[in-house]
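Engineer: Provided herewith is a single structure, encoded as structure tokens, for subsequent inquiry.
Bear in mind these aren't lab numbers, they're just calculated from the coordinates by the rules spelled out. Note that the structure is predicted; figures quoted are calculated from it, not measured. Counting neighbours? That spans all protein chains shown, and the Cβs are built from the backbone with ideal geometry, glycine included.
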Amino acid sequence: MTKEKIKKRGRPSKADLKRRRRDANKDMVIKWVAFVGVLLFLAVAVQQVMADQITFKFKSPSFNGINASSHYLTIENQEFNRRKEIKSEIKAAIDEAKRDKENSTVQRFIRNFESRVYAELSRQLIANLFGETPSESGTITLEGNTIDYTSDGTYLTLKITEADGTITIITIPIGSFTF
């Protein structure tokens, strides 16, 4: 014992009683916290003890057979979509190259030149058919196609024979066009 405790023999003071009660309460709280902690530890430990036997199962439907058909269909669908996407990318690249080729300066010049040549041929044909001295008949050959025209004074008949042998006949009344 300490000197203080030895000195005081007799009745404890109020402060000593309060201190003893406070110490007793602290001890009680510590015991309850320890008890609850032990219970929680045991509850967790019991859960670990109740584990089941470890069994191995394949997760892939290819091995275990569960939902295998839908698994195969999913794979087939993904492969089909990839092939379709690759084909569309190739087609887009080919179309872009074709457009670039058709829109080059040389190609535009050739289209413009052809358009003007055809316009001039058309003007000359109209002059021969309807001009001051119209001809009664004639033949024009253009890129393997043959155009025969005849006029009876009332109707103009155009007979167009294509390179593959297809014949188209167009009959136009003369003098009924007014502007």
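Engineer: For the stretch 97-131 and the stretch 49-94, what is the centre-to-centre distance using only Cα atoms, to the nearest Å?
Structural biologist: Taking the Cα centre of the stretch 49-94 as reference, the centre of the stretch 97-131 is 57 Å away.
Engineer: With Kirkwood's inverse mean 1/r over C-alpha pairs for Rh, give me the Rg to Rh ratio of the stretch 12-104, two decimals please.
Structural biologist: 1.70
Engineer: Got a sec? How would Phe58, Phe130 order by Cβ neighbour count within 10 Å, fewest to most?
Structural biologist: Working: Phe58 10, Phe130 14.
Going from least to most buried by this count: Phe58, Phe130.
Engineer: Summing Lys, Arg as +1 and Asp, Glu as -1, what charge do residues with Cβ under 14 Å from the Cβ of Ser135 carry, Ser135 excluded?
Structural biologist: Computed value for this residue: -4.
Engineer: Here's another thing I want to ask about it. Report, in degrees rounded to the nearest 10, the 0 to 90 angle that the Cα long axis of helix 68-102 makes with the longest principal axis of the chain.
Structural biologist: 40 degrees
Engineer: Between Phe80 and Val106, what FRET efficiency comes out of the Förster formula 1/(1 + (r/R0)^6) with R0 = 35 Å and r the beta carbon distance, rounded to 0.05?
Structural biologist: Efficiency, from the Cβ-Cβ distance: 0.25.
Engineer: Can you pull the one-decimal nm distance between simple spin-label points at Ile170 and Lys57, each 7 Å off the Cα toward Cβ?
Structural biologist: 7.8 nm
Engineer: Working out 0.36 nm times the residue gap between Ile90 and Arg20, then minus their Cα-Cα distance, what length gain in nm do you get to one decimal?
Structural biologist: Length difference between fully extended and current span is 16.0 nm.
Engineer: For the stretch 83-134, what is the per residue volume of the convex hull drawn over the alpha-carbon atoms, in cubic angstrom?
Structural biologist: 70 Å³
Engineer: Charges on Cβ only, +1 for Lys and Arg, -1 for Asp and Glu, centred on the Cα centroid of the stretch 12-117; of Asn67, Leu17, Phe35, which one is farthest towards the dipole's positive end?
Structural biologist: Leu17
Engineer: Still on this structure, I have one more. How charged is the neighbourhood of Thr171? Take every other residue with its Cβ under 14 Å from the Cβ of Thr171, and add Lys/Arg as +1 and Asp/Glu as -1.
Structural biologist: Here the count lands on -1.
Engineer: Right, here's the next one. What percentage of all Cα-Cα pairs in the stretch 20-73 are separated by more than 12 Å?
Structural biologist: 77 percent
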